[in-house]
1. Run the quick spin-label model on residue 42 and residue 16: label points 7 Å from Cα toward the beta carbon, then report their separation in nm to one decimal.
2. Quote to one decimal, in nm, the extra length available between residue 342 and residue 32 on full extension: 0.36 nm per residue of separation minus the C-alpha distance between them.
3. Among 188, 168, 260, pick out the residue whose Cα is farthest towards the positive end of the charge dipole of the chain, where Lys and Arg carry +1 and Asp and Glu carry -1 on C-beta, about the Cα centre.
4. With 18 Å as the cut-off, how large is the P(r) tail for the range 265-332, expressed as percent of Cα-Cα pairs?
5. Under 1.5 on a/c is rounded, so check that first for the range 163-253, then, if it is not, pick prolate when a/b is larger than b/c and oblate when it is not; a ≥ b ≥ c are the square roots of the alpha carbon gyration tensor eigenvalues.
6. Quick check: convex hull of the Cα atoms in the range 216-327, volume per residue, rounded to a whole Å³?
7. Which of the lysines could a cross-linker span from residue 293 if the Cα-Cα distance has to be under 16 Å and same-chain partners fewer than 8 positions apart are dropped?
8. So for the range 187-299, taking the charge dipole from beta-carbon charges (+1 Lys/Arg, -1 Asp/Glu), which of 295, 198, 249 sits furthest toward the positive end?
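What follows draws every value from the coordinates through simple rules; no lab data is involved. As the structure is a computational prediction, the values presented were derived from the model and not from experiment. Cβ placement follows ideal geometry from the backbone for every residue including glycine, while neighbour counts extend to all protein chains displayed.
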Amino acid sequence: MSLDIDYYELLEVERNADDKTLKSAYRKLAMQYHPDKNPGCSDSEARFKAINEAYDCLKDPQKRAAYDRFGKAAFQNGGPGGGFGGNASDFGDIGDIFESIFGSAFGGGGRQQRGPARGADLRYDMEIKLEDAFTGVTREIQVDVAARCEACDGSGAKPGTSTHRCSTCAGHGKVRAQQGFFMVERTCPTCQGAGEVIADPCNTCHGEGRVDRRKTLTVTIPPGVDEGTRIRLSGEGESGARGAAPGDLYIFLHMARHKVFEREGTTLFTRAPISFTTAALGGSIPIPGLDGKKHEIAIPAGIQSGKQLRQRGAGMPVLNGRGTGDLVVQIDVETPTKLTARQKELLCEFRETETGEECPASHGFFGRIREMWDDLTD
Ligand SMILES: [Zn+2]
Ligand SMILES: [Zn+2]
């Protein structure tokens, strides 16, 4: 396919743009319209192909000169000096184009090597408890992945037989074809780039070199991991076709909600309601740490609601590092709601002794209220 838009317009550059500008404009747009980022969107795919076509032309000084003079006619049948056949917009499949330009930037098949594509990277989502993130933990997981076929050792050829060199591409995996003025290299259609063909395919994997298999893997989770931490299990992704390198398996970690603690990086945070007597007289409250120890948090007499108390080193460990964060306890003073007759009596007695000096903030506030009232009623 081909969008009929001027190459310079497609790449959003001036006609005199230099190579560097072209390249960065191209990269930006290719990222934006890459099919992996816009799955199922045929408009994006069309644009992506058109952008590739435009860049492929303009990056080459010869082609660019031809384009500047003759436009797209330079690359079509019967164009100036043409008559070579082929179609400039037919650049093979998207994967090929992308690989040749970006290498492995997008993973999963982006290796610049002859032969079938590397296996895809896989993702596995795992939820762990805060306690496990604190200590680190080892987990066994089961994944169903395309694994190397053992019957043929990944070759795809029936055991005892062998593959032989592809006659279409003479084992190169690529073929050259004339397109307009130019020679272009494409993946060999006979062997799909492997360079070899299988005469007698393996019965187990039907020539694919891989079969679906349930694998049990051990994942070591270090202390200090957090929501979104990824752990890479190298080579544990999908096996490549016909013995090509496997992809990687990425474990994406998620943190389960904890009963008591919230977490912000290495800081553990909790709210502790305390009685108004403890707030007034002082005391201490025990907070169990994830380290299994009890931390006695000292409450100074006269503490107010909202005050945060910090216990150094009682938070989460630093991932791959030394040291630990802090535990922060936010105090909420609780007003009693169920008093016995005796307790009420004691509080009434206490109130009779109040001068206002015990509570300077409220004393000050009501003092200002009084003044305001006096000013208004003078
Ligand atoms: Zn096999
Ligand atoms: Zn071939």
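1. Spacing of the two 7 Å Cα→Cβ label points: 4.2 nm.
2. Gain on extension, residue 342 to residue 32, equals 104.3 nm.
3. It is 168.
4. Of all Cα-Cα distances in the range 265-332, 37 percent exceed 18 Å.
5. Since a/c reaches 1.5 but b/c is at least a/b, the shape of the range 163-253 is classed as oblate.
6. Normalising the Cα hull of the range 216-327 by residue number yields 115 Å³.
7. none
8. Sorting the options by dipole projection puts first 295.
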